[in-house]
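Take a look at the structure below.
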Amino acid sequence: MSIDIYVCLTSSVYRGRGLDMRVTRVQAEQNRAHIVATAVRLFPERGYDAVGVAELMAAAGFTHGGFYKHFRSKADLMAEASASGLSQTAARTEGMDPAEFVESYVSREHRDGRGDGCTIAALSGDAARQPADIKTEFAAGIENLLTALQAPSDTPGDADQRAARTMVIDMLAHSVGAIMLSRACPDDSPLADEILDVCRKEILASLAHGSSDQSAALGPEA
């Protein structure tokens, strides 16, 4: 059922204007947030271009015309939804070590849950063809995710920090690629599962090897 985004405007003529306008602003902010949340779910499921404004507003429970009271254009919503989705991905990752991340990320559950999964894996291909402001949001979101995954170093020298960052970038790129390749196959394809299984095993082995090398470089007293 469609609902009017701006309610109670006319009633403010007859009742306390200040109170009604405050309620209206709060409701408008809540409606805007709900539209963004709907976009955060639909864009990863369908892609930016496959979700029109009218369809998105209907899914949020609003009329098509109300969209432009909140956003100047669909591109503005795309950028805001991307930022929100990327922020949620980083928040879910906070506190995970790289191996935990890989076990959760390179999985059938993540592959099959596009709308609830990582915005990077779902929309990186689309983002590459979008305007610069959306690419900027993705760059910031990827950077935040790298920061969330990189543990503080006990030996915070430049070389150690670069090595840790290199390992996390490599792990993230392989994990994202595994999900994208698996999703490109038919859902019931044995290859789709094989890609995940092989990549998860190899990424975890690489992480273990990297940790062993780092421990050896630090010496027996580390």
Keeping all protein chains in place, calculate the accessible area per residue for the stretch 118-188 (probe 1.4 angstrom), answer in Å². 53
Tell me, in nm to one decimal, what length is gained between residue 128 and residue 173 on full extension, where the rule is 0.36 nm per residue of separation less the Cα-Cα distance? 14.7 nm
Please give the FRET efficiency for residue 202 paired with residue 139, using the beta carbon to beta carbon distance and R0 = 35 Å, rounded to the nearest 0.05. 0.85
From the square roots a ≥ b ≥ c of the eigenvalues of the alpha-carbon gyration tensor of the stretch 130-200, which class results: rounded (a/c under 1.5), prolate (a/b over b/c), or oblate? oblate
Distant-in-sequence amide H partners of residue 62 (H built 1.01 Å from N, under 5 Å): 3
Using every pair of alpha-carbon atoms in the stretch 20-177, split the distances into 5 Å bins beginning at 0 and state the percent of pairs per bin, rounded to integers. 1, 9, 17, 19, 17, 13, 9, 7, 4, 2, 1, 0
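Using only Cα atoms, figure out Rg for the stretch 22-85 and give it as a multiple of 2.2 N^0.38 Å.
1.04
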What's the FRET efficiency of residue 161 with residue 64 using the Cβ-Cβ distance as r and R₀ = 45 Å, to the nearest 0.05? 0.35
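The values are calculated or read from the model by the stated rules, or taken from the named source; none is laboratory data. Because the structure is predicted, anything quoted here is derived from the model rather than measured. Because the Cβ atoms are built from the backbone with ideal geometry, glycine has one as well, and the counts that use them run over all protein chains shown. Quick note on the areas: whole protein, heavy atoms, side chains included, nothing else; ligands and nucleic acids left out. Shrake-Rupley method; radii C 1.70, N 1.55, O 1.52, S 1.80 Å.
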